[in-house]
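The structure appears right after this line, and notes come after that.
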Amino acid sequence: MNLLWIDIETGGLNPIIHSIVDICLVETNADGDEVWRYETKITPNPELVITNEAAIINGYDPKLWTDAASESQAAMSIWNKIYNKKLRPAGWCVGFDVSFLKALLERALSIPRPARPKLDHHVLDLFSLSFALWERHSHLPDNEPSLRGLLKHLGICDDPFKLHTASGDVNACLTCYRAMLKPITVPTRALRLDDGKLRYDLIPREWEEELAKILTLGASKYADDNWKASIGKPESEMWRRRCLASLRRHLAAWQGGEHKDGELKTTRHLAHVAWNALAIMTYDIGEGK
């Protein structure tokens with residue numbers, strides 16, 4: 001069954017008392033390929049109402065509506081397009097637009113109930129399809145579902161669309177629909193999205209092992225984490241100087257051709273260099289430097 005994308009700009013929310021000022025209908029297949037399009041401004045029905053608020057939102061200005069179609073002209077053009085077709089209404093909160101479309105046809109053409117257009121009672125409503133996005137993504141505008149918000153979520157710039165015009169809203173809905181139809185790639189293996197996260201797996205095992213030897217040796221001579229005791233205290237600067245002196249001694253020994261430290265040769269001079277540098281950095285971080 002083909003889709004009938006509908007957007008109607010109105011003078012209010014009640015199809016019985018409020019006039020239509022702008023309408024756009026587009027028939028597409030299920031893939032969003034366009035079959036035909038009808039769009040026009042409509043001269044307001046003098047017996048119906050246009051509220052000031054609606055006129056501001058929809059941009060209604062009598063000076064810009066001089067070439068607008070009458071209700072009967074628009075209704076007949078639409079009727080000739082949809083008569084005897086089974087179509088599924090589609091759009092943003094499309095139930096609203098369907099109620100105004102039916103009211104227009106009945107009012108302008110006096111269509112009896114048996115001859116009314118065969119619009120499917122099942123609809124494709126982008127608002128309903130998109131609602132889960134607002135449940136999960138609080139960054140969307142004011143946490144309120146909107147066509148502009150859906151465009152933003154899908155990465156579509158809204159500049160080309162004149163939203164709050166009938167053709168602009170239909171074009172935006174169709175663009176979103178086509179974007180949502182794009183094939184979803186099903187992974188053939190387990191995935192984990194780690195982009196932007198720290199790669200601790202890149203730290204070589206040898207680094208961890210050599211530093212662990214030094215920390216183990218220090219804990220056996222003094223106490224676990226004894227080296228952290230002066231962070232934030234007056235003697236911290238003196239402790240930094242002692243670490244720097246130790247770093248330079250071990251670096252000098254390595255430059256002199258000696259690779260391992262002490263009689264037991266269980267730790268490496270360069271590991272002591274690294275540990276002293278990391279210890280000084282830990283003091284800096286702990287003191288907000």
The range 119-155, subset at pLDDT below 85 and either in contact with a strand residue (DSSP E or B) (Cβ under 6 Å, 6 or more places away or on another chain) or not assigned by TED's automatic domain parsing to the domain that holds THR10 (or both), residue farthest from VAL26 (Cα to Cα): ASP120
Any residue at all in the range 58-65 that's over 35 Å from the mean Cα position of the chain (by Cα), assigned to a helix (DSSP H, G or I) and aromatic (Phe, Trp, Tyr)? no
Does ASN29 qualify as being polar (S, T, N, Q), farther than 17 Å from LEU119 by Cα and assigned by TED's automatic domain parsing to the domain that holds GLU106? no
Test: residue in the range 37-52 that is within 31 Å of the chain's Cα centre (by Cα), aromatic (Phe, Trp, Tyr) and within 26 Å of HIS121 (Cβ to Cβ): no
The residue that is modelled with the lowest pLDDT, considering only those in the range 42-63 that are more than 26 Å from LEU109 (Cα to Cα) and either surrounded by 17 or more Cβ atoms within 10 Å (Cβ to Cβ) or among the β-branched types (Val, Ile, Thr) (or both), is ILE57
Would you say ASP158 is modelled with pLDDT under 90, surrounded by 10 or more Cβ atoms within 10 Å (Cβ to Cβ), touching a Lys or Arg at 6+ places or on another chain (Cβ under 9 Å) and under 30 Å from SER130 (Cβ atoms)? yes
Just a yes or no: is a residue in the range 248-257 under 12 Å from ILE214 (Cβ atoms) and surrounded by 12 or more Cβ atoms within 10 Å (Cβ to Cβ)? yes
Could you grab me the full set of residues in the range 76-105 that are hydrophobic (A, V, I, L, M, F, W, C) and over 16 Å from TRP5 (Cα atoms)? MET76, ALA103, LEU104, LEU105
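The values are calculated or read from the model by the stated rules, or taken from the named source; none is laboratory data. As the structure is a prediction and not an experimental result, all values here were calculated from the model. Note: ideal-geometry Cβ built from the backbone for every residue, glycine included; neighbour counts use all protein chains shown.
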